[in-house]
Each structure stands twice: as structure tokens, then as C-alpha cells.
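See structure below.
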Amino acid sequence: MKPSSKQWLAFAALGIVWGSTWIAADTLIESVPPLHGGAARFLLAALLCLPVLVGKRLSLPRGRALGFVLLLSVTMVVLPSLLVLWAQQHVSSVTVTVLFSAMPLLVALFRPDDAPRGALPATVVGLGGIFLAMSPSFSMNQAGGAAIALLAVALAGASAVVARRELRAVNPL
């Protein structure tokens with residue numbers, strides 16, 4: 001099935017928003033403490049999402065689903081974002097971006113039964129390649145920042161696995 005122009009436009013918008021997030025975070029970290037920067041980003045996101053939620057008349061999840069949404073809001077969004085903001089004080093945003101691009105590899109490690117055959121060895125090789133590419137010029141300070149960024153990636157990836165399993169019936173917005 002060939003993607004429609006609407007799907008291509010949505011994909012381009014996602015790429016612009018996602019890419020500009022890294023630029024904004026890199027700029028923000030120079031002048032604002034990580035906790036304040038994270039709070040400002042989440043407030044802006046809430047202000048942008050609220051009209052969409054009201055306009056589409058979406059209701060909040062209830063019961064077990066609400067518990068998972070609240071848990072995942074911390075483990076998938078808040079904590080990884082704060083960890084990334086802290087990590088960017090010690091490593092470049094390029095390093096953080098490369099580590100976040102490894103999230104599908106980590107998800108494959110978390111769910112090896114769902115991964116295509118041969119994906120697990122490729123995942124190990126891919127993660128090893130990322131570490132080799134970043135290692136020649138790393139100091140201990142940078143290694144600590146990269147480890148924190150990788151923890152953020154692992155939290156977001158594990159949370160994505162849980163969200164996929166537990167929140168299939170919940171509207172993503």
C-alpha cells in the first residue's frame with residue numbers, strides 16, 4: 001500500500017517536531033537548569049495538547065488503564081526527559097540522538113519473541129557499533145552522561161513495550 005500525501009505530511013511534521021525538540025533541548029540546557037527546562041517543556045506540551053483533547057472530546061482512561069497511563073507518563077516521558085536534560089550537560093545532543101535512535105534495538109532485546117528471526121544478533125552488533133563509534137574520544141564525564149542517556153532510552157523503550165501490551169484500547173492522544 002502506497003502512503004498518501006496526508007501520511008507523508010504527517011511524517012514530515014513528526015520529523016520536524018522531533019528534530020526541533022533536540023535542538024531546543026540543546027539550547028535550553030545552556031541557560032536553564034534541567035528540572036526547570038523539563039517543567040517548561042511539559043507545560044508547553046500540555047498547553048498545545050489541551051485544545052486537541054477538548055476539540056476531539058476525548059475522555060480520560062479509567063481504572064487499570066488510568067494507572068498504567070500515570071505510571072507510563074513518568075517512566076516513558078518525565079523521567080527519560082529529565083535524564084536526557086541532565087545527560088546533555090555532559091555529552092553532545094548528537095550523542096543523545098544516536099542513543100535514542102537505538103531504542104528499537106533495545107525494544108527488540110526486551111521482546112525477543114516479537115522480533116524477526118535474526119534480529120537479536122543484529123541488535124547486539126548494532127548496539128556494539130554505537131558504543132565503538134562513540135568510544136574513541138570519551139572521557140569519564142562523557143561516559144557517565146552517555147550512560148544516563150542510555151538509561152533514559154531503556155526506560156522509554158521498556159515503557160513502550162508495556163504501553164503496547166496494556167493500553168491497546170486507549171486513544172494515544
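Close contacts from region 97-112, counting a first residue that is within 17 Å of S20 (Cα to Cα) and a second that is open to solvent by 50 Å² or more (accessible area, probe 1.4 Å) and part of a helix (DSSP H, G or I), with Cβ to Cβ under 8 Å and a gap of 6+ residues or different chains, come to V98/A133.
Just a yes or no: is a residue in region 70-87 at pLDDT 75 or above and either over 20 Å from L151 (Cβ atoms) or among the basic types (K, R) (or both)? Yes, region 70-87 contains a residue that is at pLDDT 75 or above and either over 20 Å from L151 (Cβ atoms) or among the basic types (K, R) (or both). In this structure, L14 does not satisfy being within 22 Å of S73 (Cα to Cα) and modelled with pLDDT of 85 or more.
Of the set (1) assigned to a loop (DSSP other than H, G, I, E, B); (2) at pLDDT 75 or above, all apply to P112 but (2). The C-beta contact set for region 151-173 (first residue modelled with pLDDT of 85 or more, second residue among the basic types (K, R), distance under 6 angstrom, 6+ apart or interchain) comprises V161/R111.
Take T27 and tell me if it is part of a helix (DSSP H, G or I), buried (at least 17 other Cβ atoms within 10 Å of the Cβ) and on the phi < 0 side of the Ramachandran plot.
Taking the combined requirement at face value, the residue does not satisfy it.
State which residue is farthest from G145 (Cα to Cα) when the search covers only region 44-69 and only residues that are open to solvent by less than 70 Å² (accessible area, probe 1.4 Å) and either in contact with an Asp or Glu (Cβ under 7 Å, 6 or more places away or on another chain) or in contact (Cβ under 8 Å) with a residue 60 or more places away in the chain (or both). For region 44-69, the residue satisfying everything is L58. Residues in region 1-16 that are assigned to a helix (DSSP H, G or I) and open to solvent by less than 90 Å² (accessible area, probe 1.4 Å): A10, A12, A13, G15.
The values are calculated or read from the model by the stated rules, or taken from the named source; none is laboratory data. The model shown is predicted, which means the values in this text are computed figures rather than measured ones. Because the Cβ atoms are built from the backbone with ideal geometry, glycine has one as well, and the counts that use them run over all protein chains shown. With ligands, DNA and RNA removed, areas are computed over all heavy atoms of the protein, side chains included. Shrake-Rupley method; radii C 1.70, N 1.55, O 1.52, S 1.80 Å.
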